[in-house]
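Student: Below is one structure. I have some questions about it.
The values are calculated or read from the model by the stated rules, or taken from the named source; none is laboratory data. All values reported here derive from a predicted model rather than from experimental measurement. Cβ placement follows ideal geometry from the backbone for every residue including glycine, while neighbour counts extend to all protein chains displayed. The area values use the complete protein model at the heavy-atom level, side chains included, leaving out ligands, DNA and RNA. Shrake-Rupley method; radii C 1.70, N 1.55, O 1.52, S 1.80 Å.
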Amino acid sequence: MHATNMIETAKRGRWAVATAFFVNGFMTGSWAPQIPVFLTRLGISEFTLGLLILLFGAGAVVFMSWCGYLIARHGSRSVVRWFGAAATFGLLIVALAPNVITAAVAMFLFGGVTGGMDVAMNANAVAVEKRLSRAIMSSSHGFWSLGGFVGGGLGGFAIQNYGHLVHAVLVTIVAAILLSLSLRHLIVEERHIVAEHRKFSLPRNPAIYLVGLMALLSMIPEGSVLDWAALYLKQEHGADIATAGLAFAFFAGTMATVRFMGDAVRNRFGAVTTLRVSCLIAATGMLVAGFAPTPWVAIAAFAFCGLGIANMVPIIFSAAGNQPGLSAGAGMSVVTTMGYSGILMAPSAIGFVGQHTGFAPVFVSVSALLIVVFLMSGMARHADFAPATQPAE
């Protein structure tokens, strides 16, 4: 009976952490269609916007580092609940910011609470995998992408019809309701799993840093679409706000669809082959987006790119957690930090370049980064040795 109760608890925990992933993606996706309004409302240049996005990334990196300590002390369940509660208000404080100074503080805090929640929910997903003895990471990231799809898709419509502030209030209410219903069902790690994080030291094996580089290059495209695709469609293709918001929405939607099948695809074809094909698909989509003659061709290209990007990060994270001679915690710490810097920090540099060249050349250049990952994809072979590689629920 005790074993049955533990399994039921783990299953509820699996859906609770999936909801956390969805809400985190929903908040992030809802930010994408706010960006053109944010730029116009504050009367700032792309350069200044790039600095503000850099602060978003800086906040995320600071809080993510702090989050590891908090998880070691209190467990991922508590940390997801703390950061989740704070993250529900992240977009609202940005939407309320009346000037650049307050917007800078708001962006730092928004990035911080979103990033902290991200680390904690990934750690909790690992705990669920251990409890269920099967992989759920790919489908968990699928829920994040699904949240991004919903947030980005509905956000542009809501902003265009009701204004950016009403949109931010609605996002806050939806996120708060979902989290209030789900977070109490998150599972608690066993004490030795929590204590494991206190023994972390910087790995000396150079291979893990190359895997981290792959994660970095794989996540830059996601950050570039999130932060700049809507502005690219609006400024360079003349799209309205509702249409521009569909770029990230369709990108996240195709990612979500493929991520829900990710574990089965990898089991069928192997990590390296799946990663190589994914790289080529993603690079092709990004290249076409850069040369797109119309907004809808660009949106379709971003959606195609999402098909490829979907499985790249879960495979690379699996490879990180199964590096020979390294604990899963040590490998994941390095690779997740390097990888998330791609989605959080690189877009600010893209903004600096885009202001002078336009964003079309930027997306073409990003496609070249995906070819680099293709050339390095043999390093993902350790992902096939994961102890739990069954298809996710």
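Student: If you take the alpha carbon radius of gyration of region 69-163 and divide it by 2.2 N^0.38 Å, what ratio comes out, to two decimals?
Tutor: Details: Rg = 16.0 Å, N = 95, 2.2 N^0.38 = 12.4 Å.
Relative to the rule-of-thumb radius for its length, region 69-163 sits at 1.29.
Student: Ignoring any ligand, DNA or RNA, what whole percent of the accessible area of region 1-111 comes from carbon and sulfur when the probe is 1.4 angstrom?
Tutor: The nonpolar share, carbon plus sulfur, comes to 71 percent.
Student: Place the peptides 69-82, 35-48 in order of packing, highest mean first, counting for every residue the other Cβ atoms within 10 Å and averaging per peptide.
Tutor: Values: 69-82: 20.4, 35-48: 16.6.
So the peptides 69-82, 35-48, ranked by packing, come out 69-82, 35-48.
Student: Just the accessible area per residue of the chain, please: how many Å² with a 1.4 Å probe? Working shown, then result.
Tutor: On the way: 15020 Å² over 393 residues.
Here the per-residue accessible area is 38 Å².
Student: Please turn the phi angles of region 119-136 into ³J(HN,Hα) values with the Karplus equation 6.51 cos²θ - 1.76 cosθ + 1.60 (θ = phi - 60°), one per residue in order, whole Hz, x for glycine and proline.
Tutor: 4, 5, 6, 5, 5, 5, 5, 4, 4, 5, 4, 5, 5, 8, 6, 7, 6, 10
Student: Right, next: Over the Cα atoms of region 8-68, Rg to Rh with Kirkwood Rh, two decimal places?
Tutor: Details: Rg = 16.3 Å, Rh = 14.1 Å.
Radius of gyration relative to Kirkwood radius: 1.16.
Student: Right, here's the next one. At 7 Å along Cα-to-Cβ for each site, give me the label-to-label distance between Asp240 and Thr273 in nm.
Tutor: Placing both labels 7 Å beyond Cα along the Cβ direction yields 4.7 nm.
Student: Cα convex hull of region 205-286: mean projected area in nm², to one decimal? Can you show the working numbers first?
Tutor: Details: hull surface 26.1 nm².
Its average projected convex-hull area is 6.5 nm².
Student: Quick one: the Cα spread of region 107-149 along its three principal axes, in angstroms, biggest first?
Tutor: For region 107-149, the Cα extents along the three principal axes come out at 38, 22, 8 Å.
Student: Hey, if you drop one equal point scatterer on each alpha-carbon of the chain and run the Debye formula without solvent, what base-10 log of I(q)/I(0) do you get at q = 0.07, 0.08, 0.09, 0.10 Å⁻¹?
Tutor: -0.28, -0.37, -0.47, -0.58
Student: Moving to a separate point now. May I ask you to compute the full-extension gain from Ser180 to Trp15, defined as 0.36 nm times their residue separation minus their alpha-carbon distance, rounded to one decimal in nm?
Tutor: On the way: separation 165, 0.36 × 165 = 59.40 nm, distance 1.34 nm.
Roughly 58.1 nm would be gained on extension.
Student: Separate question: Restricting to Cα atoms and excluding each atom paired with itself, what does the Kirkwood estimate give for region 239-367 in Å?
Tutor: Working: mean 1/r = 0.0630 Å⁻¹.
In region 239-367 this quantity evaluates to 15.9 Å.
Student: Could I ask something else about it? If you project the alpha carbons of region 146-286 onto their three principal axes, what span does each projection cover, largest first, in Å?
Tutor: Each principal axis gives a Cα extent; for region 146-286 these are 51, 42, 31 Å.
Student: Evaluate the relative contact order of region 1-143 (contact order divided by residue number), counting alpha-carbon pairs under 8 angstrom at least 6 apart; express in whole percent.
Tutor: On the way: 149 pairs, mean separation 53.0, N = 143.
RCO, region 1-143: 37 percent.
Student: Continuing with this model, one more query. When the Karplus curve 6.51 cos²θ - 1.76 cosθ + 1.60 is applied with θ = phi - 60°, which whole-Hz ³J(HN,Hα) does each residue of region 274-286 get, with x for Gly and Pro?
Tutor: 4, 5, 4, 5, 4, 4, 5, 5, 5, 5, 5, x, 5
Student: Which values, in whole Å and largest first, are the semi-axes of the equivalent ellipsoid of region 44-117 obtained as the square root of 5 times each eigenvalue of the Cα gyration tensor? Please report the intermediate quantities before stating the final value.
Tutor: Values: eigenvalues 130, 33, 9 Å².
In descending order, the three semi-axes are 25, 13, 7 Å.
Student: If you line up the long axis of helix 328-344 against the longest principal axis of the chain, both from Cα atoms, how many degrees apart are they, to the nearest 10?
Tutor: Tilt relative to the chain: about 0 degrees.
Student: Which order do the peptides 371-377, 204-210, 24-30, 215-221 come out in when sorted by mean C-beta neighbours inside 10 angstrom, highest first? Present the calculation step by step, with values, prior to reporting the outcome.
Tutor: Numbers: 371-377: 17.9, 204-210: 14.3, 24-30: 28.0, 215-221: 25.7.
The peptides rank, most packed first, as 24-30, 215-221, 371-377, 204-210.
Student: Additional query: Return the sequence-ordered ³J(HN,Hα) values of region 48-61 in whole Hz as given by the Karplus equation 6.51 cos²θ - 1.76 cosθ + 1.60 applied to θ = phi - 60°, using x for Gly and Pro.
Tutor: Using θ = phi - 60°, the values come out as 5, 4, x, 5, 5, 5, 4, 5, 4, x, 5, x, 5, 5 Hz.
Student: Would you mind getting the Kirkwood hydrodynamic radius of region 247-312 from its Cα pairs, rounded to one decimal in Å?
Tutor: On the way: mean 1/r = 0.0854 Å⁻¹.
The Cα-based Kirkwood calculation yields 11.7 Å.
Student: For region 12-78 and region 214-281, write down the distance between their C-alpha centroids in whole Å.
Tutor: For region 12-78 versus region 214-281, the Cα centre distance is 18 Å.
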